[in-house]
Amino acid sequence: MSGDSASGLARGLTQYGDSGFALYLRRSFARSMGYSSALLARPTVGICHAASDLNNCHRHFPELIEAVKRGVLAAGGLPLAFPTISLGEVFLHPTSLMYRNLMAMDVEEMCRAQPLDAVVLVGGCDKTVPAQLMGAASADVPAIQLVAGPMMSARHEGERLGACTDCRRFWARFRAGEVDAAALERVEARLATTAGTCAVMGTASTMACIAEALGMLVPGTAAVPAVHADRLRAAEETGRTAVTLAASRLSPSRIITRESVENALTVLLAIGGSTNAVIHLAAIAGRVGVRLSLAQLNELSDATPVLVDLKPTGSHYMEDFFAAGGMSAVLHELKPLLHLECLTVTGETLGERLAEPVQWVDRAVIRSFGEPFQSVGGLVALFGTLAPNGAILKRSAASADLFERSGRAVVFASPSDLATRIDDPSLDVRPDDFLVMQNSGPTSGHGMPESGYLPIPGKLARAGVKDMVRISDARMSGTAYGTVVLHVSPEAALGGPLALVRNGDRIRLSARERRIDLEVDSGELARRKAQWRPPPRPARGYQRLYAEHVLQAEEGCDFDFLRLPTTNPEAAR
Ligand code: FES
């Protein structure tokens, strides 16, 4: 058999014009790997993984993959591991985000092209989980996500350290002259000391929690530390569950729905999660025809308290979150806000999963709904004359005393201009100015870098200034903090209003009103727009494909040709 009714190795045969021959050839080549015919007759479970020597966060994947295989074999399946490209966050130029869509295409095509009854997606570092979920959603092969799990924190002179909120904190102290180069080098060796993803609620951990909220993980596994024995048990259980998925044919399009996306957005707000996750969730939702709108984000943000006290919003690390009760505790607190009818990879609904109360919760880390860590959600979208299509502010990690004010713009034309001039002693900048960076958006050629967390100018940092309003079309690492307005859309490289800001212009920020406005009259803006020229486009290759097809931040920076038509157009407000 071949085609949709086929299973195992008979699925999706190579076309030679003779399906019997194609299966005979495939089985004979599979036998060359030493499998018995009994094993080759089993349901096939692909283990689609992103192990790489250029991805430190995934260095334990060989062990994890072995544990998945154990689970698959024990449940009667045939595990078949295969690599895709990997995205080690700090090893990629210009940015990992630029290659997320490439990895998603790799995942989608390999999950669809190979004879797989179900797929285990093994990822972790920031962009890998969204890429895997995007690809699996498009392929719509029964799939389950297994995440790397977070690193453990380390110690430095009596203090706990964890990548990478503390990386930024120590670098800021170095820039301010509070820490010398020798101390900085000692800290460098102690920031990331185990396998796993960043130790705080950065993008990787946010995406792990979101994947669990969507229903794509074995329940309770998002936050298990990478080096904990429970992580291996989670891998084994994931393998077992994949075999049941192969039989039930429960595919991502039945799990990732409008309602489960809203659940994921609620969780994102309640965990004070990464701003990057807004982009990734929009991209994942777009693969199943669900539109995530920034207006919806604001509505949910006003109704959803931040429940967890975790860095960069609070003070704890991911290992504390796991020990405190993890995602099960968070989901129980959020129950009144969630769509409990959503299906999960186990075949249970979310409501069935949450039927039993949690045994114990450490309220120092995971607060109750009635006594939250912060009373409103961690993220808000801003709109206004500077960002007609929206921008994002992570208010939970920002300075509230900077939320309602206007300031003088100090403009940098690009990330390289910023790097050249930010520490220039002659830079005309004051603590109450707004730092503005242009040309860092999706089509800028810079790959929307995480440079939206502009450094405090050297002379102000040395004078003790810790935070300023910073505005750009760039992103910010999920481990960063500060009063940082990101993802301004339309971006400067498309001629959005951000491109027209000049030194000395006044900009008004109001987090309360959800506004970010450029206070320059329309005639002057029209004159500036007439003089504006777009940046050159890359000449060839993937970078050209990217520049020509990438969508803006509010649409998830996916490619226009990979999204499905929207099934909930009313969300597009
Ligand atoms: Fe991989 Fe932070 S660098 S998760």
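Model label points for ALA229 and VAL376, set 7 angstrom from Cα along the Cα-to-Cβ axis, are 4.7 nm apart. A Cβ-based charge dipole, computed about the Cα centre of region 340-482 with Lys and Arg at +1 and Asp and Glu at -1, lands at about 440 debye.
Magnitude of the charge dipole for the chain, about its Cα centre and with charges confined to Cβ atoms of Lys, Arg (+1) and Asp, Glu (-1), is about 760 debye. Under 16 Å from a point placed 7 Å out from the Cα of VAL465 along the Cα-to-Cβ direction: which residues of region 408-426 have their backbone N that close? Taking a point 7 Å out along Cα→Cβ of VAL465, the residues of region 408-426 whose backbone N falls under 16 Å are 408-412, 418-419, 421-426. Figure legend: label point modelled 7 angstrom from the Cα of ARG528 along Cα→Cβ; residues of region 462-498 with amide N under 17 Å from it are 470-474, 488-498.
The accessible area of PHE91, taken with all protein chains in place and a 1.4 Å probe, comes to roughly 110 Å². Farthest toward the positive end of the dipole of region 83-165, out of PRO115, VAL90, ALA143, is the Cα of VAL90, where the dipole comes from beta carbon charges about the Cα centre.
Backbone amide hydrogens, once placed in the peptide plane, bring SER451 within less than 5 Å of ARG475, excluding anything fewer than 5 places away on its chain. Between GLU66 and ASN503, the modelled label-to-label distance comes to 6.0 nm, taking each label 7 Å out from Cα in the direction of the beta carbon. In this structure, the amide hydrogen of ARG515, modeled 1.01 Å from its nitrogen in the peptide plane, lies closer than 5 angstrom to those of PHE383, SER510, counting only residues at least 5 positions away or on a different chain.
For a test of the definition: using alpha carbon positions, the gyration tensor, and the 1.5 limit on a/c, classify region 428-573 as rounded, prolate or oblate. Prolate. With a Cα-only, solvent-free Debye model of the chain, what are the log10 I(q)/I(0) values at q = 0.06, 0.08, 0.12 Å⁻¹? The calculated log intensity ratios at q = 0.06, 0.08, 0.12 Å⁻¹ are -0.30, -0.53, -1.15.
Length available on full extension from LEU54 to GLU299: 0.36 nm per residue minus the Cα-Cα distance, which gives 84.2 nm.
Determine the alpha carbon to alpha carbon distance for each of LYS69/LYS127; LYS127/LYS394; LYS311/LYS335; LYS127/LYS459 and list only those over 26 Å. Beyond 26 Å between Cα atoms: LYS127/LYS459.
Surface calculation, 1.4 Å probe, protein heavy atoms: SER5 sits at approximately 90 Å² accessible. Couplings 3J(HN,Hα) for region 75-80, derived from phi with the Karplus relation 6.51 cos²θ - 1.76 cosθ + 1.60 (θ = phi - 60°), are 8, x, x, 10, x, 9 Hz, where x marks Gly and Pro.
Rounded to 0.05, the FRET efficiency of the ALA364 and ARG254 pair, given R0 = 45 Å and the Cβ-Cβ distance, is 0.75. Accessible surface for the chain, divided over its residues, is 37 Å² per residue with a 1.4 Å probe.
Beta bridges from DSSP with both residues in region 409-494: antiparallel share about 10 percent, rounded to the nearest 5. Dividing the radius of gyration of the alpha carbons in region 355-394 by their Kirkwood radius gives 1.26 for Rg/Rh. In region 464-573, a dipole from Cβ-located charges (positive for Lys and Arg, negative for Asp and Glu) runs towards its positive end, and of HIS549, PHE561, LEU525 it is LEU525 whose Cα lies farthest in that direction.
Of PHE561, PHE403, the order by accessible heavy-atom surface (1.4 Å probe, DNA, RNA and ligands excluded), from most exposed downward, is PHE561, PHE403. Value of Rg to Rh for region 436-514, rounded to two decimals, is 0.97; Kirkwood radius and Rg both from alpha-carbon coordinates. Couplings for region 447-456, taken from phi via the Karplus curve 6.51 cos²θ - 1.76 cosθ + 1.60 with θ = phi - 60°, read x, 6, x, 7, 9, x, 7, 4, x, 5 Hz in order; Gly and Pro are left as x.
Relative to the dominant Cα principal axis of the chain, helix 522-531 is inclined by about 70°.
Note on the chain: helix-only mean residue ellipticity at 222 nm, from DSSP H runs of 4+ residues weighted -39500 (n - 2.57) and normalised by residue number, equals -10500 deg cm²/dmol. For the chain, the fraction of 1.4 Å probe accessible surface lying on carbon and sulfur atoms is 53 percent. Sorting HIS60, HIS93, HIS339, HIS228 by accessible area puts them as HIS93, HIS228, HIS339, HIS60; the probe is 1.4 Å, largest comes first, and only protein heavy atoms count. As I understand it, the dipole of the chain uses +1 on the Cβ of Lys and Arg and -1 on the Cβ of Asp and Glu, about the Cα centre. Which of VAL278, TYR317, GLY458 lies farthest toward its positive end? Among VAL278, TYR317, GLY458, the one farthest towards the positive end of the dipole of the chain is GLY458.
Summing Cβ point charges (Lys, Arg +1; Asp, Glu -1) relative to the Cα centre of region 1-102 gives a dipole of roughly 260 debye.
Across region 250-263, coupling constants 3J(HN,Hα) worked out from phi with the 6.51/-1.76/1.60 Karplus curve, θ = phi - 60°, read 6, 9, x, 5, 8, 9, 8, 10, 3, 6, 6, 5, 5, 4 Hz, and Gly and Pro carry x.
Amide H to amide H distances under 5 Å link ALA81 with ILE47, where only residues 5 or more positions off or on other chains count and H is placed in the peptide plane.
Beta bridges per DSSP, both residues in the chain: antiparallel share near 45 percent. Here region 81-198 was treated as a single set of alpha-carbon atoms; its pair distances binned every 10 Å from 0 give 13, 34, 25, 17, 9, 2 percent.
Ordered by solvent-accessible area of protein heavy atoms (1.4 Å probe), largest first, the residues ASP117, ASP424, ASP401 come out as ASP401, ASP424, ASP117.
The values are calculated or read from the model by the stated rules, or taken from the named source; none is laboratory data. Keep in mind that what you see is a predicted model, and the values were worked out from it rather than measured. In this analysis, Cβ positions are derived from the backbone assuming ideal geometry, glycine residues included, and neighbour counts consider all displayed protein chains. For accessibility, only protein heavy atoms count, side chains too; no ligands or nucleic acids. Shrake-Rupley method; radii C 1.70, N 1.55, O 1.52, S 1.80 Å.
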